[in-house]
């Protein structure tokens, strides 16, 4: 124990002897955020299996109707995408409770050395199936997170991962994220509509706000059509397409639809302004 928290110390007796450590328990706020790097620096071959970004059985977001666990936070499609294997402190944004991290969270944490980098074998996504009831839930939890993992595992280290200037890094990241969601929504997810009879990938819910008496809507990923109703009924593939802020009053129900007509979760907003 150190300062009331469990502190794991790499055992030198097993370093440099061919062991492969699949390190998952770097929960943000748990105190061992640097455990994968300490093991790699100590001579262990490490596969980054970090619960903070790579556990796909965690729910996408904090919502009662989202399947998945929340014991180590929430993992949406963006978390594996912005995971930086050699410096995941850089883009860590929230703790395991979904709260913004404190600015000094990583003070005193061990950084990955050049020797340590040579011991990082790769990254791996986890999916534990004891609470996955059927294939539809499995596919929902896996996709599109798995595509973001593939991008980070196989693409070259992006410029925003090593850029020291936060503003330049932020602009570069947004550019890459925009390119990724464009390809995802317009190319890769439409393929999943038809491969093996179609996959039940997650269609993101519609975000909606009331601004100046009008309902404005958006969505995290491209490639979907937002439809809505104003009579209290659930949107269907034949409902009105959202193209501009909605002026109608009362209960507005919105939902996103895939190219093959599959519907995401509904968003309900009351416009009484």
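The values are calculated or read from the model by the stated rules, or taken from the named source; none is laboratory data. Fair warning: this is a prediction, and the values are worked out from it, not measured in the lab. Cβ: placed from backbone, ideal geometry, glycine included. Neighbour counts: every protein chain shown.
Under 7 Å between Cβ atoms, which residue pairs at least 6 apart in sequence (or on different chains) link something in the stretch 40-60 that is on the phi > 0 side of the Ramachandran plot with a partner that is assigned to a strand (DSSP E or B) and surrounded by fewer than 24 Cβ atoms within 10 Å (Cβ to Cβ)?
Partner pairs satisfying both residue conditions: none exist.
Out of all the residues in the stretch 191-205, is one or more out of contact with any strand residue (DSSP E or B) (no Cβ under 7 Å at 6 or more places or on another chain), surrounded by fewer than 15 Cβ atoms within 10 Å (Cβ to Cβ), touching a residue at least 24 places away in the same chain (Cβ under 8 Å) and over 20 Å from residue 76 (Cα atoms)?
Yes.
Checking residue 137 against (1) surrounded by 14 or more Cβ atoms within 10 Å (Cβ to Cβ); (2) farther than 20 Å from residue 78 by Cβ; (3) touching a strand residue (DSSP E or B) at 6+ places or on another chain (Cβ under 9 Å), which test does it fail?
(3)
Checking the conditions here, which among 141, 54, 112 is modelled with pLDDT of 95 or more and more than 13 Å from the chain's Cα centre (by Cα)? Before you say what the answer is, go through the steps one by one.
Details: 141 fails: more than 13 Å from the chain's Cα centre (by Cα); 54 fails: more than 13 Å from the chain's Cα centre (by Cα).
None of the other options fit; the residue is 112.
Please specify each residue of the stretch 144-161 satisfying the condition of being in contact (Cβ under 8 Å) with a residue 12 or more places away in the chain, over 21 Å from residue 59 (Cβ atoms) and in a helix (DSSP H, G or I).
Hits for the stretch 144-161 are 151, 153, 159, 160, 161.
Within the stretch 72-82, count every residue that is part of a loop (DSSP other than H, G, I, E, B) and either in contact with a helix residue (DSSP H, G or I) (Cβ under 9 Å, 6 or more places away or on another chain) or on the phi > 0 side of the Ramachandran plot (or both).
Looking only at that region, the number is 6.
Mind counting the residues in the stretch 259-273 that are surrounded by 14 or more Cβ atoms within 10 Å (Cβ to Cβ) and either touching a strand residue (DSSP E or B) at 6+ places or on another chain (Cβ under 8 Å) or farther than 22 Å from residue 198 by Cβ (or both)? Before the answer, list the steps.
Within the stretch 259-273, the subset surrounded by 14 or more Cβ atoms within 10 Å (Cβ to Cβ) is 259, 262-267, 269, 271.
Remaining after also requiring either touching a strand residue (DSSP E or B) at 6+ places or on another chain (Cβ under 8 Å) or farther than 22 Å from residue 198 by Cβ (or both): 263-267, 269, 271.
Here the count works out to 7.
Checking residue 59 against (1) modelled with pLDDT under 95; (2) surrounded by fewer than 19 Cβ atoms within 10 Å (Cβ to Cβ); (3) in the same structural domain as residue 100 (by TED's automatic domain parsing), only one condition comes out false. Which one?
The number of the failed condition is (1).
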